[in-house]
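One structure is given here, and the rest of the page talks about it.
Since every read-out is calculated from the coordinates, none of them should be taken as a lab result. Small disclaimer: the values here were computed from a predicted structure and weren't measured. FYI the Cβ positions are ideal-geometry reconstructions off the backbone, even for glycines, and counts take in every protein chain you see.
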Ligand code: SF4
């Protein structure tokens with residue numbers, strides 16, 4: 001049973017269904033596309049040949065192109081290379097040696113701080129690439145070419161890794177593939193409770209599922225349409241029980257009035273809800289944004305409390321809370337976690353070397369357990 005203060009007041013996007021399904025000519029050849037179509041028999045369909053013409057038409061016919069795009073699911077082929085290095089590799093930032101594959105773009109949730117609002121500002125749809133066989137072929141080649149390197153691959157850069165999994169079941173392809181690898185781990189990053197495919201799959205080998213969490217007060221205000229904190233922890237517990245490795249991202253940490261109590265409570269709920277000794281790691285990252293995102297957030301989420309504190313640009317051009325405040329927040333939350341779980345691995349996400357050293361007293365590579373993780 002979860003404590004009462006983790007229940008939410010605003011509705012989550014349960015059982016998402018798009019209003020329109022856009023199909024690139026020929027995608028029905030792919031088994032995944034046929035699977036999606038069988039799950040959405042009632043949804044109106046429109047075929048297209050050229051995605052750029054379609055997106056151009058849609059951009060001009062709408063207000064809040066990005067928000068409206070969440071209701072239009074497009075199935076297409078991805079024609080480039082899927083695997084790329086995590087964009088956290090930017091000037092002055094410590095890199096956590098992570099690769100991303102973008103099978104999907106946009107997200108059914110609508111968090112006020114989401115960088116996709118700027119990054120995909122004019123993208124008027126929820127895009128799902130259905131040529132997963134091409135991705136698996138590419139991964140197999142790369143993993144075989146570098147047998148001494150360990151790959152940590154995430155699917156949650158431009159989307160939530162699991163939110164659409166009941167409609168577009170990527171995990172049905174990815175899990176069996178990663179189960180067979182000797183030098184690669186899949187990380188599914190999510191706020192979702194869509195874990196049915198994970199629980200039905202017999203083998204959790206080489207799969208880490210990680211949940212982004214925040215105090216319920218922040219979820220209610222800034223993470224529209226997402227499952228509650230209780231639902232996320234229940235899903236994480238079920239995955240742990242099934243044998244999956246599980247991690248948590250306290251990210252973005254948002255310094256609301258009374259944040260110390262809110263995050264202390266979050267740590268307590270986490271440690272009371274799960275066998276914390278079995279959790280792989282917790283990452284900490286504070287709210288950050290590129291300058292162009294601010295006006296988009298203010299327009300799309302007028303009720304947001306994100307800008308009640310001062311932010312300054314860092315070396316990578318993103319705005320963050322002032323360094324002493326970030327340091328204080330990381331130290332405070334890290335102490336809460338260490339008090340409840342002394343051996344827990346905690347790392348900082350998208351932070352400068354100075355902050356790493358200030359908060360943890362070391363860089364990731366000098367920490368034995370995190371060293372394994374970062375030197376992959
Ligand atoms: S869950 Fe992630 S990808 Fe989806 S809207 Fe929120 S921040 Fe963006």
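Table for the structure above
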item: Anisotropy class of the stretch 200-318 from Cα gyration tensor, a/c 1.5 cut; result: prolate
item: Förster-model FRET efficiency, 30 Å R0, residue 83 and residue 17, C-beta, rounded to 0.05; result: 0.45
item: Residues residue 59 and residue 25, FRET efficiency given R0 of 25 Å [Cβ-Cβ distance, rounded to 0.05]; result: 0.75
item: Residue with peak Gaussian network fluctuation, the chain [Cα springs, cutoff 10 Å], from 176, 324, 204; result: 324
item: The stretch 13-374 - percent relative contact order, Cα under 8 Å, separation 6 or more; result: 15 percent
item: Distance (nanometres) between label positions extended 7 Å along Cα→Cβ at residue 47 and residue 136; result: 2.7 nm
item: Acute angle (nearest 10 degrees) that the helix 51-60 long axis makes with the longest principal axis of the chain, alpha-carbon atoms; result: 70 degrees
item: The chain - Rg over Rh from alpha carbon coordinates, Kirkwood radius; result: 0.94
item: Residue 182-residue 197 pseudo-label distance in nm [points 7 Å out on the Cα-to-Cβ vector]; result: 2.8 nm
item: Fraction of antiparallel bridges per DSSP, the chain only, in percent to nearest 5; result: 25 percent
item: Label point distance in nm, residue 292-residue 260, each placed 7 Å from Cα along Cα→Cβ; result: 3.9 nm
item: Principal-axis tilt of helix 259-273 within the chain, Cα atoms, nearest 10 degrees; result: 70 degrees
item: Rounded to 10°, Cα long-axis angle of helix 229-242 versus longest principal axis of the chain; result: 80 degrees
item: Residues residue 299 and residue 357, FRET efficiency given R0 of 22 Å [Cβ-Cβ distance, rounded to 0.05]; result: 0.05
